[in-house]
1. Can you find a residue that is open to solvent by less than 30 Å² (accessible area, probe 1.4 Å) and not aliphatic (A, V, I, L, M) anywhere in segment 299-306?
2. If you check ALA468, ALA455, which single one turns out to be at pLDDT 80 or above, open to solvent by less than 30 Å² (accessible area, probe 1.4 Å), out of contact with any strand residue (DSSP E or B) (no Cβ under 9 Å at 6 or more places or on another chain) and under 27 Å from GLY123 (Cβ atoms)?
3. Taking segment 616-649 as the search range and keeping residues that are open to solvent by 70 Å² or more (accessible area, probe 1.4 Å) and either modelled with pLDDT of 90 or more or in a loop (DSSP other than H, G, I, E, B) (or both), which one is farthest from GLU594 (Cα to Cα)?
4. Provide a single number: the residues in segment 439-462 that are within 18 Å of the chain's Cα centre (by Cα), part of a helix (DSSP H, G or I) and not aromatic (Phe, Trp, Tyr).
5. Quick check on ILE320: is it more than 30 Å from ALA253 (Cβ to Cβ) and β-branched (Val, Ile, Thr)?
6. Quick test of your reading of the structure: ALA321 fulfils all but one of (1) open to solvent by 50 Å² or more (accessible area, probe 1.4 Å); (2) small (Gly, Ala, Ser); (3) in contact with a Cys (Cβ under 7 Å, 6 or more places away or on another chain). Name the failing condition by number.
7. Got at least one residue in segment 272-287 being buried (at least 22 other Cβ atoms within 10 Å of the Cβ), under 28 Å from ALA105 (Cα atoms) and either out of contact with any strand residue (DSSP E or B) (no Cβ under 7 Å at 6 or more places or on another chain) or β-branched (Val, Ile, Thr) (or both)?
Amino acid sequence: MLAAIPFVVAILYLPGYFGFRLFGISRSYSVAIAPILSVALYAALGNLYSALGIWSGVMSVFVVPMLLLAVLALARLLRRRRQHEIDKGIPLGVMALTACVGLAAGAYIFVLKLPRTDAIFQGWDNITHLNLVRSFIDSGKWTSLHSSSYLSAADVSIRPIGAGGFYPAAWHEVCALAVLMSGASLAKVVNAVNYIFAALVYPLGAVCAIRTIFGHDKRILCAAALISVSFAQFPWVMIDFGPLYPNLAAFCAVPAAFTITYICIDNLFSGHRQLQSVFLLLVSIVALGFLQPNAVFFLAILIYFHLGYRIWSHRKTYSIAGHAVSSLACMNIYYLLCIAAWIAIYFSPIVAPLLEYRWASYANAWQAIINIATVGYGYGFAQNTPAQLLLALMVVIGILEALKNQRHQWLVQTYILVCIMCFIDAASDGNLKFVLCAIWYVDPSRLASMCAVAAVPLATLGLSDTIAWFQRKLVSTDRGSALTFRTVGAGIFVCFAVLNYARFYSIPGWEHARITAAFTAYDNNLQGFYNISSRFAALTQEEQDFAEKVLETIPEGSVVINNPGDGSLLLYGVDGMRCYYRTASGYEEGETGESKLIRMDLKDIETNEAVRAAVNEIGAKYVLVLDASNFKESFLSITRTPESAFCGITEINDDTPGFKVVLAEGSMRLYEIVQ
């Protein structure tokens, strides 16, 4: 995993940095928001190359575009030595602090808590993620428009179900690049990519957004460096639910996209560099859209009240159709138009498929209010993240501070709106829940994460004010005072970090009394979901070891017929084994005739000519049988696929005619098909 991290950083930052420098953006901003342009570039090139039949790989997607941007940026620099930068940027010390705090927090919270660096989260969504990355690597077709686990020419000819459709795959492209560049296993790369998104992309983007909102106040910027990685709910809890890796990456990129959008609004009102601003805004939307489209709507919510405020504060009246209209009326018209657009989107074909997702309420009204007040937004749902009382206090202080300044009141309005959505999602099951939250699959984890992101500016203000209060109280104006503003500030910074990240609090004098902190619950979930020995794991260590022996035995690229219910559906993504079945469900519609025959009647290959023809059609020579005894306890049980759905494979044994035992270990077998 460690070997993959430098490559992931290069993939996410180099092309974007040179691209933003080409547009005249300051160095610090170009670094902080670089991933948004890099991701947009990979998404655009991947889909373009796929449409043109060009192979996507390290040279075509990363090296050549990066070098081209670097040369153009350098040429611009030489031509215009005094570049016009959008602002003074972020101090280098703050950038370094943000990177160090983020990477250290990520290592402490995530990396060091993994059972092993190549641990995988055996969850339903990860079947798609791992298999799609492997399919990208094998096929050179990095497309979000026709994504599938069967993209290579060889796999297209054998796929058991219909062609894939749209699936946001920019995160998968980053993983594919990292595997090809580093040579690390896909499991290690996935953990490295998630680590960098959560521990570097998100905090640097957040500090950049804070700089854009509040200006050049080093105390606020330093506070943002810590606050951005202090909420357990996001980004950390999202790593151990779902897993929702593309959504994790998308929300981590939202602060950078917010920065670009905020500056775009400023430039549109000032008439300065409007075309460039709109172009960069579109780049941000492309990046978020191909990471996870719901992040675009989250960005819209974050900017909603700010844009209304700018409409109101920019001028007293606007001329509309030759009539003078007050700024207040224009602001209200804007709000109403946005609400109308939201309702129209809700009734559009875009949202219709999302209405099929149903997450029941998980808290009563009072509990939901307490969850929000104590920033344990998703408590009671799958993660059961407890309260973070000190962080909640920072949010309250930040709210009070923001209300004092008219220019910052929109931050409070935004936070209240997102919290209302989270409350309705947690405590109700009516139509309003779907109107407000359907775009996020009414998924409590995503809604709770949105609250955590929206709370960062407020908690940052709160911590900054707290540090300032202690500095005023403790720092003497005498020259001989041992305490300085920096010493006190650093002390409060460290104290907050220690208390916030503590696993539990003991109560003096009470031997058995302690308060469990949010990160303790997070640890338990992480170590459970990423542990290959967990009862939720469909693919055990013994099965993975057996699969490696199989790969050493069979010819490279061999098609292996398998029962996905025994965990083998993960083997294509994890080890590159060309398993025929790579998902446990979806065979009711669009299934090929060959697949249905193999699923139900493979055991009869000796006597059934149609089965023999089906096997010959897909070119399969082997059958893999793993231990499916834990199917009902593993994550695969949620598919509700009956075990009889693959009876043609599960009923094969050592005495079944037409099959020869090649490898055997316990109940696991590799059979060669003998015709």
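1. Yes, segment 299-306 has at least one match.
2. On inspection, the qualifying residue turns out to be ALA455.
3. GLU633
4. Residues in segment 439-462 being within 18 Å of the chain's Cα centre (by Cα), part of a helix (DSSP H, G or I) and not aromatic (Phe, Trp, Tyr): 13 in total.
5. yes
6. (3)
7. Within segment 272-287 (the criterion being buried (at least 22 other Cβ atoms within 10 Å of the Cβ), under 28 Å from ALA105 (Cα atoms) and either out of contact with any strand residue (DSSP E or B) (no Cβ under 7 Å at 6 or more places or on another chain) or β-branched (Val, Ile, Thr) (or both)), the answer is yes, since at least one residue qualifies.
For every residue, the table says whether it meets (1) modelled with pLDDT under 95; (2) open to solvent by less than 10 Å² (accessible area, probe 1.4 Å).
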{"residue": "LYS141", "(1), (2)": "no, no"}
{"residue": "VAL156", "(1), (2)": "yes, no"}
{"residue": "GLY162", "(1), (2)": "yes, no"}
{"residue": "GLU173", "(1), (2)": "no, yes"}
{"residue": "MET181", "(1), (2)": "no, no"}
{"residue": "VAL190", "(1), (2)": "no, yes"}
{"residue": "VAL193", "(1), (2)": "no, yes"}
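The values are calculated or read from the model by the stated rules, or taken from the named source; none is laboratory data. Owing to the predicted nature of the structure, the values given are computational and were not obtained by experimental measurement. Every residue, glycine as well, gets a Cβ built from its backbone with ideal geometry; the counts of neighbours run over all protein chains shown. Heads up: the accessible areas ignore ligands, DNA and RNA and are worked out on the full protein's heavy atoms, side chains in. Shrake-Rupley method; radii C 1.70, N 1.55, O 1.52, S 1.80 Å.
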